[in-house]
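Each remark here refers to the structure printed beneath this line.
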């Protein structure tokens, strides 16, 4: 049967890899190419690479770096950050990226999803949603790397992205990001139950048991994590790792 | 030399990357003379069936490819949509396929708890012995490959089934007919398993 996927999610800022906490305080964790070589050797299921400042600074993706990354990747790679037009997507697919993740551009205009899906197929477009719990207990979708509350409901936005043609939904909890306190199961389950496409959950993984718990508790297709795969120990020393889990437990 | 047919659809950079990694001499090309002088061919492809077939027809390469594959008997590897295009027709569209393998492409019916597309890593089961599978599928370490698709190949003749996989049902993951190979998954994105498969294809006589 299909294995559940475990995906390192790497954040890019100014050519370096960083890790944030609640989308803030990016800490430098290393060189992207070096990290990707290590993840390649560890035969990870897939990689997600997100440029966290491209959209905020209104920059295009760093194609040169992405080409270098794609050349090292013998597994699927998804890139996100700064993709505003079909022409940007064209360039990325030509470099050997399988999937692109769209967040800010879709919030501005959903038609970008349709354009890319029509040309490259739904499987090549991931709809990315950053969520935060409001004071009142509900969740809303945030834009601009977690700085602007769009007041949209994550469930409705996920359905809108699916309707526009994304092949997967990437759901990220801003509150849990970098905290390693476990996934926001309520949020993730609400998304999984409201769309038909595969859902990738991100934000809060602190131990391998968090991954297996989430697979048991929800019908999520994949989990993504940053801190879990780049930090080691309570002092958060940088050490790249990837869990080897009994396949049977992930079915 | 291996020619990756560059008709404008498919992840050509990744395929070339993998071929380079296994030490093969390969180029991406849409020129007739390159295809005529190639030892082996690779037909990549992603996206919808009709769009892929229409783009391939527009490239004007269908006749030279058919001649090289069906008459000159050059080994050809179709990947993902490229493997489906080897068949007769697809439920996804109305365009005829290349017709090199007698099979239809059919849709995964929606079922509860089964997300479509079938996306991710799945283990394969060999339906027959073949040199293209050398070094794959040790019993203690079953080979796994990366899949992304909503439709699958359904050969009329069971002897054309090379590999199967299970997604809440058994389905054909790879086909073989003489010199024609079709892989539904992405060997170019499947780590050492994909490398082994490319190596076997390169070394195939």
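The values are calculated or read from the model by the stated rules, or taken from the named source; none is laboratory data. Predicted model, so just to flag it, every value in this text is computed and none were measured. Using ideal geometry, Cβ is built from the backbone for each residue, glycine included, and neighbour counts are taken over all protein chains shown.
Couple of notes before you dig in:
- Residue satisfying condition, being crowded, with 22+ Cβ neighbours inside 10 Å, more than 29 Å from residue B:159 (Cα to Cα) and touching a residue at least 40 places away in the same chain (Cβ under 8 Å), within set B:9, B:101, B:76: B:9
- Top-ranked residue of the range A:111-151 - restricted to ones that are crowded, with 18+ Cβ neighbours inside 10 Å and in a loop (DSSP other than H, G, I, E, B), ranked as nearest to the other protein chains (Cβ to nearest Cβ): A:121
- On the stretch given as the range B:172-194, residues that are within 12 Å of another protein chain (Cβ to nearest Cβ), modelled with pLDDT of 95 or more and surrounded by fewer than 20 Cβ atoms within 10 Å (Cβ to Cβ) total 0.
- Looking at B:154, B:164, just one residue is within 14 Å of another protein chain (Cβ to nearest Cβ), assigned to a strand (DSSP E or B) and surrounded by fewer than 21 Cβ atoms within 10 Å (Cβ to Cβ), and that residue is B:164.
- Flag if residue A:2 is over 15 Å from residue A:77 (Cβ atoms) and surrounded by 15 or more Cβ atoms within 10 Å (Cβ to Cβ): yes
- Hits in the range A:73-110 - residues which are within 14 Å of chain B (Cβ to nearest Cβ), part of a helix (DSSP H, G or I) and touching a strand residue (DSSP E or B) at 6+ places or on another chain (Cβ under 8 Å): A:89, A:92, A:93
- Selection from the range A:157-216 of residues that are assigned to a loop (DSSP other than H, G, I, E, B), touching a helix residue (DSSP H, G or I) at 6+ places or on another chain (Cβ under 6 Å), without any contact (Cβ under 8 Å) to a residue 40 or more places away in the chain and farther than 25 Å from residue A:114 by Cα: A:182, A:205
- Any hit, the range A:165-178, residues being within 14 Å of another protein chain (Cβ to nearest Cβ), under 17 Å from residue A:82 (Cα atoms), modelled with pLDDT under 95 and buried (at least 23 other Cβ atoms within 10 Å of the Cβ): no
- Looking only at the range A:33-55, and only at residues there that are in a loop (DSSP other than H, G, I, E, B) and touching a helix residue (DSSP H, G or I) at 6+ places or on another chain (Cβ under 8 Å), the one that is nearest to residue A:239 (Cα to Cα): A:43
- Strands (runs of 3 or more DSSP E) lying entirely in the range B:70-138 (those with 3 or more residues that are touching a helix residue (DSSP H, G or I) at 6+ places or on another chain (Cβ under 8 Å)): B:76-79
- If you go through the range B:29-55 and keep only what is assigned to a helix (DSSP H, G or I), within 14 Å of another protein chain (Cβ to nearest Cβ) and farther than 15 Å from residue B:89 by Cα, you end up with just B:55.
- Among the residues of the range A:56-72, the ones that are more than 12 Å from residue A:100 (Cα to Cα) and assigned to a helix (DSSP H, G or I) come to 9 in all.
- Residues of the range B:170-205 classified as on the phi > 0 side of the Ramachandran plot and part of a loop (DSSP other than H, G, I, E, B), total: 1
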